[in-house]
């Protein structure tokens, strides 16, 4: 049976199952969520109002046996940035949707009252039931309730207290294969789900086939093998990420002087070793946790982990470089055990750990607590959980917190927190922060790969030369990768191994019976960016928003680098 | 001696006295503040950073004996709206500056440390001294300290606790002839002064002439007489405003069904009579206060008052319709004594009473207190005064409060609170809210004059017909009036009395020896708007920002009117 779109109207609690329009049949993941949002959402609408839509879509390769193909995209107009938004995450949902032939799940409208609802998606449609018991509960309680009620094999999308309160830092959590969480993190999409009054969505694939149909099974198998080999052979994908997690970057980025420290006052953190991937791996091994863990079935990189406390009890997983940087170097806290505890709290409340942790640093800038105050950080997270006035401020993200406290040193672009690489010392990523359609987002065009990790060549991070082109090429490629359901980390292998990208194209053709070329995939990426950019322009964004905050004109040690791109140089990004 | 510009650099605490460039010699008030901001402030700069400038300028006729010519303009990039901003207010400062030959006072840069400063402006220059004693004090304490130290005749510009904290609702207060306050209210300019670390500015005119020089004294005298006569003869300017204050509008606007009630859910407030101008005048008379009071010397309208409590003690003055509406109908509080007390608190803290009171209504929408809870309103204002987390939220204005609480029913345009006329039921003012360069602002193009008060003809408030033209004509005229130092209420007479505008032109020509025509004055207004609009566009504003919030699509009783302008119809405003 052909794939279908499931459309849930939360205004009248009705469900429609629709054929996929021809124009969308070749799309998946980000390409599809952005196409649907661009086609159906008025760019100037209120992101928390009834005219916004929240779209979930598995990638084009999700549900196949392709390595690392289980990413789920979520799209909407972002309440944090006001732009179009796509996030993607692992977990089990993408593969379940794909197996169930659900090309996209669209939530639209909003109910009149204050009550919340739970959705259950099956191959037959969507049940909508009022939910009361779990309202006010954290994400872990929702998972526990699902597993107790016999839904262990079901997928789950859920929001915590932050999403219920429509907080701008709220994310959407996706259950992973071990009953833990992955996050559709950025842009406040949890607030959109909260505005639609959906507490959680259970995905029950009973009756669905075990894998998606393939037009050419043999061809697929061969290409998938080549692709998996390319990942396993690459030093980053096949070794470093599995060994140390993404936190392997702490020492590397500190070494090159680009680890933003004390709210972007330095590029080096004296205590970097205390929060490094090496340190984390040693702690985990000593305590009997797991250094390797996959966020979805079929992941060969295993960059997640099972972080345990001194007594060997589970604390958190998916404990990422970005989160550790933000609470660590940015907030100057060097206690990895405390950061792991904080990570778990953020997962439970349902807030983006980048936005939330950068915001804590902004709260330190405001003098609410001191830089380095770990227990203070836990207290502030508890305020977010409780929804106190201070917690409400912080749960609104860095830009709002900066406004409430009258600050200028607020690291955001388009109101979204700048992640873990100082744009003065790694200029390519600065171009990505400025120009991506998503607000500051490293994943949108991860120039760190080439600026620091020397994948796909090398572009000197401290020179302006070549950065715009680098960011543009990576943003186009990323938009394509985000549409396949593949994890963005496959890009390292794609950049360095000539066999990798043709293998992806071969898998797509074998899956759908198409005859795409590598150029078609690039064209898809270009089309996605242009669709998103047009949405943002219609929403009122101009080149004037493609700018870093003013304080980046200050030199940052150790290189005393400054942000020195002219407006014209930045704006040249869109010349394609 | 020719007029000069006083320029204070708060970065290095230096002062320059400059000649007025030729291009600015014919400008005053808003025309001058907007020209300086447009020429010297980078549109994308952070409003609270060192690149913003705060400009004060008396109007072209300030310091003369022209009736109602004592308005002071303040301009900057607004931290509330992100647009260019001009506010004007009475008080004594404009006339003092004009007599001292100070065409404009520009504050630029910002000091490195946390300490505050006090400025003293004399004809010789500006003294800059560290200020510690009055830091943390309210505006009334600053005035009291000035008067105690023998500065009773000096002018004063001051910020309260809100401005010190760089809160987005912070205003700048101007001492009036009776040692009370008038407000440079909107757009958060108090936060800009706070960011520049200036607590207050004393204006000492010792040695300055008593009036400004006039090129043709006789001609001026004749024109001034004609002008004053036109004001006194007009039923609004010469009678209603003096009798009942601006609060005379409560019953009138309620009657036409355009008094926004319970956060814009109705156009009529059942208890409107309890907060009406008629009620206020009766209370004042009974208690021995004053129903008439001028905000500056030479005002013939006397729309201010001295509002006293049951025991005859002074409570507040400048107790305006907008403030009373916002706390009254919008928040559903019908106790005028309580509102007067709240007005005084807001003056002391230094917050825009429109922004602050509309924000209280948004807090009611969020459920922080109930609609109608007067004591709750006083408690919330006290939180703003104390700078608690909740107070910080509210002091950030309606848009931020709406974001922090995840609301969609937030009456703002360009983040500034919508004032006291429902745009669905008075469509002309809706066009002004959308299109003015200032964020929602009734004074920018007060179509109420023609839509309701039938000055200058009548345009049916419920029909779309003619509203864009009406708003455009009034916005152009207002930009010109705001440049003269004349109170905007002179517009009523100008609209109805053919002699009034030529008299204004005659006064300008007699003052400066020019030969301007009425068309030149209109051209000045057009030029001001275009300068401001260009600044906003360079700051990143587009037509997409010229929109009312989505909830205005809901019908509002009693007319069940909706906001039904298309985007194209609104955007036609700028076709001139």
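Observations on the model:
- Label 7 Å beyond Cα on the Cβ vector: residue B:127 copy-to-copy distances, nm: 8.0
- Only helical runs count toward this figure. For chain B, summing -39,500 (n - 2.57) over DSSP H runs of n ≥ 4 and dividing by all residues gives -11000 deg cm²/dmol at 222 nm.
- The same position residue B:515 in the other copies lies at 8.2 nm from this copy, comparing label points 7 Å beyond Cα toward the beta-carbon, shortest first.
- Working from Cα pairs under 8 Å separated by at least six residues, relative contact order for segment A:4-203 is 23 percent.
- A convex hull fitted to the Cα coordinates of segment B:245-421 yields 112 cubic angstrom per residue.
- Kirkwood-based shape ratio for segment A:177-289, expressed as Rg/Rh from alpha carbons: 1.10
- Hull volume in cubic angstrom per residue (convex hull over the Cα atoms of segment A:483-576): 162
- Scaled against 2.2 N^0.38 Å for its residue count N, the alpha carbon radius of gyration of chain B is 0.88.
- Cα-based shape type of segment A:4-203, given that a ≥ b ≥ c are square roots of the gyration tensor eigenvalues and the cut on a/c is 1.5: rounded
- Extent along principal axes [Cα atoms of segment A:70-177; Å; largest to smallest]: 35, 30, 24
- Residue of chain A with the Cβ closest to the rotation axis carrying A onto B, and that distance rounded to whole Å: A:389, 2.
- Cα centroid separation, segment B:251-303 to segment A:200-247 (Å): 70
- Length-normalised contact order for chain B - Cα pairs under 8 Å, 6+ apart - percent: 16
- Cα shape, segment B:250-294, gyration tensor, a/c 1.5 rule: prolate
- Projected-area mean, segment A:384-427, by convex hull of Cα positions, square nanometres: 3.6
- For the Cα trace of segment B:266-342, dividing Rg by the Kirkwood Rh returns an Rg/Rh value of 0.98.
- Per residue, the convex hull spanned by the alpha carbons of the protein assembly as shown comes to 155 Å³.
- Once both labels are positioned 7 Å from their Cα atoms along Cα-to-Cβ, the gap between residue B:337 and residue A:575 label points is 7.1 nm.
- Pairwise centroid distance, computed over Cα atoms, of segment B:42-83 with segment A:376-425, Å: 31
- Anisotropy class of segment B:403-464 from Cα gyration tensor, a/c 1.5 cut: prolate
- Whole-number percent relative contact order across segment B:245-421, with pairs defined as alpha carbons under 8 Å at least 6 apart: 19
- Between copies, residue A:538 shows label-point distances of 3.0 nm, shortest first, with the point placed 7 angstrom from Cα along Cα to C-beta.
All of the numbers you see were taken from the coordinates with simple rules; none came from a lab. Remember, it's a predicted structure, so these values are computed and weren't measured experimentally. Every residue, glycine as well, gets a Cβ built from its backbone with ideal geometry; the counts of neighbours run over all protein chains shown.
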